[in-house]
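Heads up: the structure comes next, in structure tokens.
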Amino acid sequence: MTVEVNKLAPARSGYLYPAFIASLALNLLFVGLFAAAAWHHHEKSLAANEPGLLGFVRQLPENRQDAVRNEITGARAAMKDLRASVRKSWNDANALLTQEPFDKVKFAEALAKLRETETVYKSGLNSALVETAASLSPEERKILQSWRETRRPNVLRSQGESAKEDGAK
């Protein structure tokens, strides 16, 4: 007994393959647009969050921003070696934690060296801040003062006070 089977494939429309390609192209277009938007949003957020004192510069009048930004950038470049020495001292001290046998005296000496390099670095930061403040007008120093209030370290806050509360003042 033989059963006859229709071996012919069902007739497909001639537009199915081009429609598939068009759908794929449209999906890729949307994925590309989404990725580009996310990338540009990320770049804008990085520019908006300039590190350190450069964040204050955006609050100054437009005609003063470039001069103050250049002054701060120059001070940063001058402190690059100090920052590298702090980083090296920190890495050296941290590496001693895993050496066996642990040498308590050597670790204490490394931490003392780290403290000294941090003190030199912070003194440089403070000197740069003094020079920047000296070049500002009284109105600009008020802006600097309020900006510094919002960035006050946690150790200087009263108990229960948060950075968000400072920013709302």
Task: Amide H contacts under 5 Å for residue 151, placed H, 5+ residues apart - done: none
Task: ³J(HN,Hα) computed for each position of the stretch 101-107 - Karplus, 6.51 cos²θ - 1.76 cosθ + 1.60, integer Hz, glycine/proline x - done: x, 5, 10, 4, 5, 4, 5
Open item on the list: Using each residue's phi in the stretch 78-89, evaluate 6.51 cos²θ - 1.76 cosθ + 1.60 at θ = phi - 60° and report the 3J(HN,Hα) Karplus result to the nearest Hz, with x for Gly and Pro.
Closed with: 5, 9, 4, 5, 5, 5, 5, 5, 5, 4, 5, 4
Task: ³J(HN,Hα) computed for each position of the stretch 126-140 - Karplus, 6.51 cos²θ - 1.76 cosθ + 1.60, integer Hz, glycine/proline x - done: 5, 5, 5, 5, 4, 5, 5, 5, 5, 8, 9, 7, x, 5, 5
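Rule-based calculations on the coordinates, nothing more; no lab input. On a predicted model such as this, the values are computed, not experimentally measured, just so you know.
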